[in-house]
Each structure stands twice: as C-alpha cells, then as structure tokens.
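Contents: one structure, followed by commentary.
The values are calculated or read from the model by the stated rules, or taken from the named source; none is laboratory data. Given the structure is predicted, the values throughout are model-derived calculations rather than measurements. Methodologically, a virtual Cβ is constructed for each residue, glycine included, from the backbone with ideal geometry; neighbour enumeration extends over all protein chains shown.
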Amino acid sequence: MDINQIQSIHRFNELLANYVNINSTTVHTALKESPLDRFMRTKAHIRLPKSQEWLDECFHNRISRKVNNDSCITINGVLYDAPMQFIGMTVEVRFLPGSMENAYILYEGIHYPIPATDKVANSKTKRNNNLPTINYAKEDYTYV
C-alpha cells in the first residue's frame, strides 16, 4: 500500500483498523497462537492499575532541580516557583511531558505545585533566610 494514496483521515483509520485486526488474529510463530487468543487465554492474570492517579504518575517525567535563593527552579529555560521551605534543597520535580501546568515537587509523599514564576511578584516577595543579622551599631559586632 502506498501511503501517498491516502487522501483522508477516515481512509487512514480504516486501513489502520484493518491492519490491527489482521495482525491480532493471525497466528504468530513465536506465540504459536494469535495475540488475541493469547490475550483471551491470559486476561485473568492482568493486573489493573491501583487508580487513574497512580497510572498517570507512572508516566510522569522525573527530574532533580536545586531550588534557588529566590525560591525558583528552572526547567527547559522556564522559571517555576517552589515553596520557600525548599530553598537550597535539591528536589524531585514530576510532570507529564508537554504539560507543565500540573508539575509538582514530590517530597515525603506530598505534592507541592510549582506554578510558572510571575517575575514581578517574585521580586517583591519577602523571604526568611534564617541567617543571623549583624548589628553594626555595636562595637563588638554581636549577632542579634
């Protein structure tokens, strides 16, 4: 079959359905039966996913990123806001390919969403960095 002869998606779908039907019902030499017969014979042994959420999570990409001091991480050149408690930590980010709007940090079994960074709002955010401040008014420069 010359694929250049396919003039519509409807025709393509017909040809694909026909191919799948023939391939599924033809006896394969390695199996000694057709894939459909094998499936019907062994379908009781197929384990179903725990839940749709669990199944979706199986297909998530997983990458590690260090959270910057401004509470941001970069993925593919785009900044995302991470919760402030992760500043300085390396975190695992999970997301579906091509769907960063539902990306999250997984930490101790909890999902922390990471929205795209609003750079103006981020620049105005006060952060507690837990570093001691030095009182330069005193001569001995004691920590406050």
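Show me the helices (runs of 4 or more DSSP H) found entirely inside segment 32-143 where at least 1 residues are over 30 Å from TYR19 (Cα atoms) and modelled with pLDDT under 90.
So the answer is 52-58, 119-123.
Restricting to segment 1-12, give me the number of residues that are part of a helix (DSSP H, G or I) and surrounded by 11 or more Cβ atoms within 10 Å (Cβ to Cβ).
Step one: list which residues in segment 1-12 are part of a helix (DSSP H, G or I), which gives 3-5, 9-12.
Now restrict to residues that are surrounded by 11 or more Cβ atoms within 10 Å (Cβ to Cβ): 11-12.
Of the residues in that region, 2 qualify.
Of the residues that sit in segment 59-107 and are among the β-branched types (Val, Ile, Thr) and surrounded by fewer than 18 Cβ atoms within 10 Å (Cβ to Cβ), which one is farthest from the chain's Cα centre (by Cα)?
The first filter runs over segment 59-107 and keeps only residues among the β-branched types (Val, Ile, Thr), leaving 63, 67, 73-75, 78, 87, 90-91, 93, 105.
Right, trim to surrounded by fewer than 18 Cβ atoms within 10 Å (Cβ to Cβ) and you get 63, 74-75, 78, 90.
Numbers: ILE63: 8, THR74: 14, ILE75: 11, VAL78: 15, THR90: 17 Å.
My answer is THR90.
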